[in-house]
Structure formats: C-alpha cells, structure tokens
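Q: Input: one structure, supplied below.
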Amino acid sequence: MASSILVPLAVLGLMIRRNLRDRRVRTARLWIYPVILGGLTAVTVARGPMPGIGAIAGFVAGAAAGAGFGYLRARHQQLSRDPQTGQIVSRATPLGLILIAGFFVLRYGLEFFTHTRDLPHALGLQRATDAGLIFSTAMIFARQWEIWRRTRVLMGEGALAATPQTVDRALDQVADKE
C-alpha cells in the first residue's frame, strides 16, 4: 500500500513546487504535464473494477465540467512577454492545484480507509473521487490548450501582455485577414 501512494505523492510534490513561482511558458512542452497527469489518472481509475453506466456518465460529466473550468482558469491566468528576451511568463492561480491535490488525497485516503474496513458503499465513493480526478485532468488539458493558443498569439503579434481581451482582439484581427 505504501509503495502505491509514493508515485502520486511525488507528482503532487512536483506540482506544488512548480505552482509556487512564476514560470516561463515553453510552448513545445505544454503537452507533457497533461500526459503525465492523464496517465496517473488512467492508472488510478483502472485499478478498480469495470465501472457501470452510471459511473461512466459521471466520468463524462466530470470531464466536461473540468474542461470548462480549465478553460476559464486559463482565461484568468496572466501571461506576459519580456521585451528583451521574448520569453513568455505565466502566473498561475493556486485553485487548480488545490483541486487536484484534494482529489488525489481524497481518492487514496478513501482507498486506504475502505480497504481496512468492509464498507458496502466503498466502490461508489471511489468512483466519485475517480470522477473528481477525471475532472481535474480535463481541467489541466483544457488549461494547457488555452495557454498554448494564447501564447501563439503573443509570439506572433509581439504583444507585451496577454489578457483574455487582448488575445481575443488579436485573434479577431487574424480571422479578419483570412
């Protein structure tokens, strides 16, 4: 049991460390974090028995809500471009990290708690936390996609700061040219 929790704890530690400071946005690497988190979520969900129709519907609803929340979270993230180096810097909000860490802790805590006791509704609780993990993974996928989209505009237009409004204006100008 202890070895099965070490990998998620290590990933959470890395996530916390990365989220505590401004980060340079590397557009070529935006896909790595969602793939790692998606893999961890898939492994975690796959550890249980095959989910029923209700659980699958909950997973789909969690993914849709997570994608919407991730998009909104990225829209409220501040991106800026250093005029000397041309590097794009991102300032994240801690809300997403809190959600992801909370779902992982809740999921593994429930698994530990339910394995030490014979609880009749343990699988339903685990499926609910699995839907939460899927929510947070979809949130990260959507967030990374929106950040990638916004950084492309910043790099192409040479803007000094990217608020959602300036990015939308730049995208509208590109669309008008086509």
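The values are calculated or read from the model by the stated rules, or taken from the named source; none is laboratory data. Every value quoted in this text rests on a predicted model; they were computed, and no experiment measured them.
Q: Just name the residue that is modelled with the lowest pLDDT out of those in region 14-47 that are outside any helix (DSSP H, G or I) and either under 21 Å from THR129 (Cα atoms) or aliphatic (A, V, I, L, M) (or both). Give the derivation first.
A: So the first thing to find is which residues in region 14-47 are outside any helix (DSSP H, G or I), and the list is 20-26, 30-31, 47.
Adding the requirement that they be either under 21 Å from THR129 (Cα atoms) or aliphatic (A, V, I, L, M) (or both) leaves 20, 25, 30, 47.
Values: LEU20: 70, VAL25: 85, LEU30: 88, ARG47: 82.
Of everything passing the filter in region 14-47, LEU20 is modelled with the lowest pLDDT.
Q: Same structure again: Please specify each residue of region 114-139 satisfying the condition of being at pLDDT below 70 and of a type outside the set (Ser, Thr, Tyr). I'd like the intermediate steps shown before the answer.
A: Just the residues of region 114-139 that are at pLDDT below 70, to begin with: 114-123.
Within region 114-139, HIS115, ARG117, ASP118, LEU119, PRO120, HIS121, ALA122, LEU123 qualify.
Q: Here's something else I'd like to know. For region 48-106, how many residues meet the condition of being of a type in the set (Ser, Thr, Tyr), under 20 Å from the mean Cα position of the chain (by Cα) and outside any strand (DSSP E or B)?
A: Kept after step one, since they are of a type in the set (Ser, Thr, Tyr), are these residues of region 48-106: 71, 80, 85, 90, 93.
If we keep only those that are under 20 Å from the mean Cα position of the chain (by Cα) as well, we get 71, 90, 93.
Now restrict to residues that are outside any strand (DSSP E or B): 71, 93.
Residues in region 48-106 being of a type in the set (Ser, Thr, Tyr), under 20 Å from the mean Cα position of the chain (by Cα) and outside any strand (DSSP E or B): 2 in total.
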